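J.: Take a look at this one; I'll ask things after.
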Amino acid sequence: MTESPAKHSRGRHAKPPPKLAIQWNRMVGALRESRRLRLAASGGATAVVAVAVVAGLLLLPGGSESGSRATVAARTGSTPSPHESAEAVGDPDEITDAVPYFETKDPDKKVVKHVTEVRRSGTFVRVYTDLGEEDENSRPALDLCEWTTQFLEDGGDDEPRVFVHGKSDDNGSVVLANKQSDKDDCEVGETR
């Protein structure tokens, strides 16, 4: 059996290949091996994604009714937290049920009209408003703090932590009212 001329040894008097050619051949070989490994890994990753998609479809409302929060709550007699909507779409930190809750406390929307956003930030709930820095400890700020605390307690939160924010020209969002502990009454202490 004869080898192709390209694979023939160069003979005993031939010059060895240049270092650049050796490095090039090693790099090409490594890339070929790496490509084979990537293709094999992508096949495994595709299988994992497929399993995740099927599992996700089973958990969607209507896919597997036994897994939905509402069905479980109906069977156990408990109600899901009002601020944990299973069908919520969009920003997971945004609490979309809070403003409608506030409107039950404020049907004339004298206070609610100031709310621009309600969102979870770690263990805290932050209520952003269009109120100004001079509205620190104002009735609207304190009402929003108290209503948010009640909203969280109604949803099963044993230790609600709330910050009501207003706008400031030089400091972004200032705290107008907050509840940082069970003993806190929503008023912000003197910080100046």
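The values are calculated or read from the model by the stated rules, or taken from the named source; none is laboratory data. Every value quoted in this text rests on a predicted model; they were computed, and no experiment measured them. No Cβ is skipped: glycine too gets one built from the backbone with ideal geometry, and neighbour counts run over all protein chains shown. Just so you know, the surface numbers come from the protein's heavy atoms only, side chains and all, with ligands and any DNA or RNA stripped out. Shrake-Rupley method; radii C 1.70, N 1.55, O 1.52, S 1.80 Å.
J.: For region 102-180, report the accessible area per residue in Å² (1.4 Å probe, heavy atoms, rounded to an integer).
T.: Value returned for region 102-180: 50 Å² of accessible area per residue.
J.: Go ahead and run the numbers for FRET between residue 91 and residue 113, Cβ-Cβ distance against an R0 of 22 Å, rounding to 0.05.
T.: The formula returns an efficiency of 0.50 here.
J.: What fraction, in whole percent, of alpha-carbon pairs in region 88-192 exceed 18 Å separation?
T.: 43 percent
J.: Contour minus end-to-end for residue 181 and residue 158, with contour as 0.36 nm per residue of separation and end-to-end as the Cα-Cα distance?
T.: Stretched fully, the residue 181-residue 158 segment lengthens by 7.2 nm.
J.: What part of the accessible area of region 83-162, given as a whole %, is carbon or sulfur when the probe is 1.4 angstrom?
T.: Of the solvent-accessible surface of region 83-162, carbon and sulfur hold 43 percent.
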